[in-house]
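Data block below; observations after.
The values are calculated or read from the model by the stated rules, or taken from the named source; none is laboratory data. All values derive from a computational prediction rather than experimental measurement. Cβ sites come from the backbone with ideal geometry, for glycine too, and all protein chains shown count toward neighbours. The area values use the complete protein model at the heavy-atom level, side chains included, leaving out ligands, DNA and RNA. Shrake-Rupley method; radii C 1.70, N 1.55, O 1.52, S 1.80 Å.
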Amino acid sequence: MTAALAQLPPLIASHLLLAGAAMLLALAIGLPLGLFAARRPRAGGAILAVAGLIQTIPGLALLALFYPVLLWLSSFAGGAIPALGFLPALLALTLYALLPIIRNVVAGLQGIDPAVLQAADGVGMTSRQKLRLVELPLAAPVAMAGIRTAAVWTIGAATLSTTIGYPSLGNPIFSGLQTENWSLVLAGCIGAAGLAIATDAVLALIERGLSRRRRAPLLAGIALLVAGLAAALAPSVAPRPQTVVVGAKNFSEQFILARLIGARLEAAGYRVSYREGLGSAVAFRALAAGDVDVYVDYAGTLWTGAMGRTDTKPRAAMLADMGRWMAAGPKTAIVGPLGFENAYALAMRPGAGISSLADLAARAPNLALGADLEFLDRPEWRAIREAYGLRFRTQRAYNPTFMYRALASKQADVISAFSSDGRIAAEKLVVLSDPKGAVPRYDALLLASPARAHDARFLAALRPLVNAIPVDAMREANYRVDRDAGKATPEDAASWLAGRIRAGSAR
C-alpha cells in the first residue's frame, strides 16, 4: 500500500491541474450562460435542456468522442491540435460541469424576492448596478452550491482521462482493476476522494464568505485555491527534457510490454512517459498522429481494424502487406515482431466434450458467452460468427480480468480468451480450435510513430526485443501479474521478462 500511495503526488498534481482548468473554463462559459438563461426563460429552457442532454452521455463516451473530432480538426491544422491527452479531457470535463453551474445560477437569480428588485428599481439603480449590488450577492450562495457540485463531479470524472492518455488518479485505479492489485485501486480512490473533499471544503469557505459577506473566509478560500492550482502547475512549467511516449492498451500484457520498452529506452538515455489504458483504435491513431511514439499491437487487430481487411493470408505475406500499408499511409513502421502470438480464441472449462468452434456451434444456443469489452464489436467476432453460425443463449461483456472470474463462477460457459494469457494453462482451460481459419494471425508487433520510424538510435534501442520473447515467457510474465497469490507488478514482470530475454540471447 505504501508503494501504491507513493505514486500519487505527481498524479494528484496533473489531476488537479486538469480538473481546475476544466472548472475555470466551465465557469467562464456557465456563469454568463446562466445569467442569460435567467433573463430569457424561453432560451434558458433550451440551454438547460442541452446541458442536461450532455450530462446523460456517459463520461467515458464523452471523452472518447472528442478524439475523432480533434483528429479531424487537426488534419486541417497540419497536426497542430493534440487529439489525445489534456485537450480532449479538458473539453469533455468542461461540458460535464456546465449543468449544475447554469442551473444554480438560474435558480439563484430567479429565487430573489421581487420586492427587493422593485426596491432597487425604486432607488434608481441602473441594470448593471442592480446586478452587481443586489442580484449577484443574493444569488451567490445558491450559485456556489452548484459550483461545489460541479467541482466534485469534475474531480471524479477526471479519473477517466487515463483512458485517453492523460495521467490522472485514474492511472492506479484502471491499472489496479486490470491486474487485481487492490492496493492500487484503493490508493487511486483515496487520492480522488481526498482531492474532492479538500476542494469542496475550500469552496465551502468561499461560499460562507459570500453568504455572510465576510472577507476573511472569502479571501482565505480564494488564496487556498490559487495556492493549490499553482502547486499543481509548477511541475508542468518547469523545464523538462523531451520525452518518448510509450503507449499501452488496457490489459496486463500491454502494461508489462510498455514497461519493458520503457526500460530499454531509459537505458539508451531517453526520458520516458507512458500513456496506458488506450483502446485498440485509439492506440494506433495515437501512434499515427505522433501522440504515442511506440507501442505493441497485434497483426490481426491491425489487419481487420486499421486496414479493414477481411481475408486471411500466411504470416509472411500478411506482415509484408502490413508494412507496405504503414509506409504508404499512416507513415508508421513495424520495428519487428516480438516473437509470440496473442490470438483471439474461444475457451471453455474442461469436460464439456467440445474441442473446436465447429463442435461449439451445435451447443452454443444453450450456452452463455462472456467476452472482453471490445470483442463483441470486433470484426474477428463477426468472422467467427459467420463462419460457424454461432448463436449463444446470452452474450455479456466484461473487463478481461472479470471475464475469467465469470467463467470460473459459471456465469459464462465460453469466453474470448487470449492465447498468451497465463491463466489458460493455470486454469486448464480448453482453447477451441479454428478449423475454418476464420481468425487471422495475431503476432505481437513493435510499432514506431512517423517521427521515430527512421530514428536509427531509437530503433537500435528496441531491436534487441525483436523475435526475443517466446510465447511461454510472455504467458509466465502475464501470469505473474494476473495470478491471485504472490502477484507481481507490471514493472516486476517486465524486469523478469528482460532477464529471460538476456538469458535467451546469452545462450
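At-a-glance table
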| item | result |
| --- | --- |
| LEU24 being modelled with pLDDT of 85 or more and buried (at least 16 other Cβ atoms within 10 Å of the Cβ) | no |
| Those residues of the stretch 344-372 which are part of a helix (DSSP H, G or I), among the small types (Gly, Ala, Ser) and in contact with a strand residue (DSSP E or B) (Cβ under 9 Å, 6 or more places away or on another chain), in sequence order | ALA358, ALA364 |
| Residue match in the stretch 224-240 (condition: closer than 30 Å to ARG463 by Cα, surrounded by fewer than 18 Cβ atoms within 10 Å (Cβ to Cβ) and within 24 Å of the chain's Cα centre (by Cα)) | no |
| SER183 being closer than 30 Å to VAL282 by Cα, buried (at least 22 other Cβ atoms within 10 Å of the Cβ) and either small (Gly, Ala, Ser) or touching a Cys at 6+ places or on another chain (Cβ under 6 Å) (or both) | no |
| Matching residues in the stretch 274-307 - criterion: being of a type in the set (Gly, Ala, Ser) and touching a residue at least 40 places away in the same chain (Cβ under 8 Å) | GLY277, GLY279, SER280, ALA286, ALA288, ALA289, GLY290, ALA299, GLY300, GLY305 |
| Options PRO100, PRO114; residue that is modelled with pLDDT of 85 or more, open to solvent by 60 Å² or more (accessible area, probe 1.4 Å) and either in contact with a Pro (Cβ under 9 Å, 6 or more places away or on another chain) or farther than 21 Å from ARG285 by Cβ (or both) | PRO114 |
| Subset of the stretch 38-64 that is at pLDDT below 80 and open to solvent by 60 Å² or more (accessible area, probe 1.4 Å) - its residue that is nearest to GLU135 (Cα to Cα) | PRO58 |
| In the stretch 1-16, the residues that are modelled with pLDDT under 90, surrounded by 20 or more Cβ atoms within 10 Å (Cβ to Cβ) and in contact with a Ser or Thr (Cβ under 7 Å, 6 or more places away or on another chain) | ALA4, LEU11, SER14 |
| Residue check for ARG148: farther than 30 Å from PHE174 by Cβ, charged (D, E, K, R) and out of contact with any strand residue (DSSP E or B) (no Cβ under 6 Å at 6 or more places or on another chain) | no |
| Residue check, GLY277 in contact with a Phe, Trp or Tyr (Cβ under 8 Å, 6 or more places away or on another chain) and part of a helix (DSSP H, G or I) | no |
| Residues that are part of a helix (DSSP H, G or I), charged (D, E, K, R) and more than 18 Å from the chain's Cα centre (by Cα), drawn from the stretch 251-274 | ARG264, GLU266 |
| Set LEU160, LEU177, LEU131: member being buried (at least 16 other Cβ atoms within 10 Å of the Cβ), out of contact with any helix residue (DSSP H, G or I) (no Cβ under 7 Å at 6 or more places or on another chain) and in a helix (DSSP H, G or I) | LEU131 |
| Identity of the residue in the stretch 329-372, among the hydroxyl-bearing types (Ser, Thr, Tyr), modelled with pLDDT of 85 or more and within 23 Å of VAL471 (Cα to Cα), that ends up surrounded by the fewest Cβ atoms within 10 Å (Cβ to Cβ) | SER355 |
| Condition met for ILE354 (among the β-branched types (Val, Ile, Thr) and within 13 Å of ASP413 (Cα to Cα)) | yes |
| Any pair with Cβ under 7 angstrom, 6 or more apart, that starts in the stretch 345-360 at a residue that is of a type in the set (A, V, I, L, M, F, W, C) and ends at one that is open to solvent by 10 Å² or more (accessible area, probe 1.4 Å) and at pLDDT below 85 | ALA345/SER419; ALA347/ILE424 |
| Every residue from the stretch 373-400 that is among the hydrophobic types (A, V, I, L, M, F, W, C), open to solvent by 30 Å² or more (accessible area, probe 1.4 Å) and part of a loop (DSSP other than H, G, I, E, B) | LEU373 |
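For every residue, the table says whether it meets (1) open to solvent by 40 Å² or more (accessible area, probe 1.4 Å); (2) under 27 Å from ALA426 (Cβ atoms); (3) part of a loop (DSSP other than H, G, I, E, B).
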residue: VAL296; (1), (2), (3): no, yes, no
residue: TRP303; (1), (2), (3): no, no, no
residue: ARG309; (1), (2), (3): yes, no, yes
residue: LEU319; (1), (2), (3): no, no, no
residue: ALA327; (1), (2), (3): yes, no, no
